[in-house]
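One structure below.
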């Protein structure tokens, strides 16, 4: 008999009733150190007092009015994002998947309004993850996401990750946009080198192709910059944001230049819940905290501490771990043992991690994780690795 909750997840046999900072309390009262942060969502930890206060204050005033009217909280957050990024304009969604749908529409509408209606093909890369809508899975193209869901939305091509010659050859007069994650999350914590992003920007400029960055997982301070592409010194035309921007409250956004967004006039897109007062009140508080230079400097400092410790684990457990990947606090351990076995071994040490493709263990702690918790996390990973070795 099917469960009341549609069984699309292989859920771990545990449930949590309370969270505080980087710790979760299970139903039986046991405490777990969380290195997953809800898959990079709880950017400021669980039950962050500043976010709780922002949400509570707004909840006592106004929850929802729809986008038929001005929403001051939405305007405030949009202005903060514009002030701190390349963007001239922002549309708010409820998730990264919704942000992907708008990013794809925006790119195609740009060329349509530029009298280039045939420019509809969007280039993506193997290992990518852009969400689970029909458009997002067509963009990513991986078998595990598309099998059984055809016919797929046309107009997408997947290229081998890191193959620059194939990318240049793939851009034609039908190419609309290139979509890429500066750091692949689901794909195995693979960082696109700065020079590659620079070359991609130049290629898009040369061919009149729009550049879309998916920073749903790697953005909002996770790499030690507000957004990961800032390390390369280049900017996209369109960017998808979600996860960490809401600090745990469902919130996403599409950021764009005025030029890229010029086709999105009244009536071309909409969302009933997107940009509601609750989400935007929390998002504004997240931005207020995360966009500060001191906060981002602290992320980089903690990331260096964490990475150094992870390198030590690789050296200490060469039969379990192979290498450290990532940037800032979006880190991964490339494993020799099964990453799923290591996830389970970590459960036994009351430590939460997230598996990824290419046999990688994802480590996505809260950006404000205390340094003492990093030390504790490394000790628990060490014990989990010892469990694997002893098995």
remark   = Within segment 287-297, the count of residues that are surrounded by 13 or more Cβ atoms within 10 Å (Cβ to Cβ) and either in contact (Cβ under 8 Å) with a residue 24 or more places away in the chain or in a helix (DSSP H, G or I) (or both) comes to 7
Top-ranked residue of segment 221-242 - restricted to ones that are under 18 Å from residue 326 (Cα atoms) and touching a strand residue (DSSP E or B) at 6+ places or on another chain (Cβ under 6 Å), ranked as surrounded by the most Cβ atoms within 10 Å (Cβ to Cβ) = 222
query = Pairs, please: C-beta under 7 Å, at least 6 apart or cross-chain, first residue on the phi < 0 side of the Ramachandran plot and in segment 37-49, second assigned to a strand (DSSP E or B)?
reply = 46/19; 46/20; 46/21; 46/24
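Does residue 324 satisfy the condition of being in a strand (DSSP E or B), surrounded by 14 or more Cβ atoms within 10 Å (Cβ to Cβ) and in contact with a helix residue (DSSP H, G or I) (Cβ under 7 Å, 6 or more places away or on another chain)?
Values: in a strand (DSSP E or B): yes; surrounded by 14 or more Cβ atoms within 10 Å (Cβ to Cβ): yes; in contact with a helix residue (DSSP H, G or I) (Cβ under 7 Å, 6 or more places away or on another chain): yes.
In short, yes.
Kindly provide the set of residues from segment 148-165 that are out of contact with any strand residue (DSSP E or B) (no Cβ under 8 Å at 6 or more places or on another chain), over 22 Å from residue 119 (Cα atoms) and either part of a strand (DSSP E or B) or modelled with pLDDT under 90 (or both), ordered by number. Lay out the reasoning, then the answer.
Pass one, segment 148-165, residues out of contact with any strand residue (DSSP E or B) (no Cβ under 8 Å at 6 or more places or on another chain): 148-154, 162-165.
Narrowing the set further to residues that are over 22 Å from residue 119 (Cα atoms) leaves 148-150, 162-163.
Scanning segment 148-165 gives 150, 162, 163.
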inquiry  = For segment 174-231, which positions are in a helix (DSSP H, G or I) and under 18 Å from the mean Cα position of the chain (by Cα)?
reply    = 197, 228, 229, 230, 231
query = Which is closer than 25 Å to residue 330 by Cα, touching a strand residue (DSSP E or B) at 6+ places or on another chain (Cβ under 6 Å) and not assigned by TED's automatic domain parsing to the domain that holds residue 332, of 181, 121?
reply = 181
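Could you say whether any residue in segment 95-118 is surrounded by fewer than 19 Cβ atoms within 10 Å (Cβ to Cβ) and within 24 Å of residue 248 (Cβ to Cβ)?
At the first step, the residues of segment 95-118 found to be surrounded by fewer than 19 Cβ atoms within 10 Å (Cβ to Cβ) are 105, 112-118.
Now narrow it down to the ones that are within 24 Å of residue 248 (Cβ to Cβ): none.
Checked segment 95-118: no residue is surrounded by fewer than 19 Cβ atoms within 10 Å (Cβ to Cβ) and within 24 Å of residue 248 (Cβ to Cβ).
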Residue count, segment 103-145 (criterion: under 19 Å from residue 265 (Cα atoms) and within 16 Å of the chain's Cα centre (by Cα)) = 1
query = Restricting the search to segment 298-317, which residues are assigned to a helix (DSSP H, G or I) and either buried (at least 16 other Cβ atoms within 10 Å of the Cβ) or under 20 Å from the mean Cα position of the chain (by Cα) (or both)?
reply = 298, 299, 300, 302, 303, 306, 307, 309, 310, 313, 314
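When you scan segment 165-190, how many residues do you find that are crowded, with 16+ Cβ neighbours inside 10 Å and more than 17 Å from residue 239 (Cβ to Cβ)? Before the answer, list the steps.
Let us first name the residues in segment 165-190 that are crowded, with 16+ Cβ neighbours inside 10 Å, namely 167, 171, 175-190.
If we keep only those that are more than 17 Å from residue 239 (Cβ to Cβ) as well, we get 167, 171, 175, 186-190.
Summing the residues that are crowded, with 16+ Cβ neighbours inside 10 Å and more than 17 Å from residue 239 (Cβ to Cβ) in segment 165-190 gives 8.
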inquiry  = Here is a check on your reading of the model: is residue 218 crowded, with 23+ Cβ neighbours inside 10 Å, within 23 Å of residue 113 (Cβ to Cβ), touching a strand residue (DSSP E or B) at 6+ places or on another chain (Cβ under 7 Å) and in the same structural domain as residue 279 (by TED's automatic domain parsing)?
reply    = no
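Taking only segment 202-215 into account, find how many residues are in contact with a helix residue (DSSP H, G or I) (Cβ under 8 Å, 6 or more places away or on another chain), more than 19 Å from residue 357 (Cβ to Cβ) and crowded, with 19+ Cβ neighbours inside 10 Å. Reasoning before the result, please.
Start the filter on segment 202-215 by keeping residues that are in contact with a helix residue (DSSP H, G or I) (Cβ under 8 Å, 6 or more places away or on another chain), which leaves 203, 209-215.
Subsequent filtering for residues that are more than 19 Å from residue 357 (Cβ to Cβ) retains 203, 209-213.
Filter once more, keeping what is crowded, with 19+ Cβ neighbours inside 10 Å: 209-213.
Residues meeting the conditions: 5.
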query = Looking at segment 11-30, which of the residues that are surrounded by 13 or more Cβ atoms within 10 Å (Cβ to Cβ) and in a loop (DSSP other than H, G, I, E, B) is nearest to the chain's Cα centre (by Cα)?
reply = 22
task = Could you grab me the full set of residues in segment 358-391 that are under 16 Å from the mean Cα position of the chain (by Cα) and surrounded by fewer than 20 Cβ atoms within 10 Å (Cβ to Cβ)?
result = none
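Matching residues to (1) out of contact with any strand residue (DSSP E or B) (no Cβ under 6 Å at 6 or more places or on another chain); (2) assigned to a loop (DSSP other than H, G, I, E, B):
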position: 5; (1), (2): yes, yes
position: 9; (1), (2): yes, yes
position: 32; (1), (2): no, no
position: 38; (1), (2): yes, no
position: 44; (1), (2): yes, yes
position: 55; (1), (2): yes, no
position: 63; (1), (2): yes, yes
position: 76; (1), (2): yes, no
position: 86; (1), (2): yes, yes
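The values are calculated or read from the model by the stated rules, or taken from the named source; none is laboratory data. None of the values given here were measured: they were computed from a predicted structure. Cβ atoms come from the backbone with ideal geometry, glycine included; neighbour counts cover every protein chain shown.
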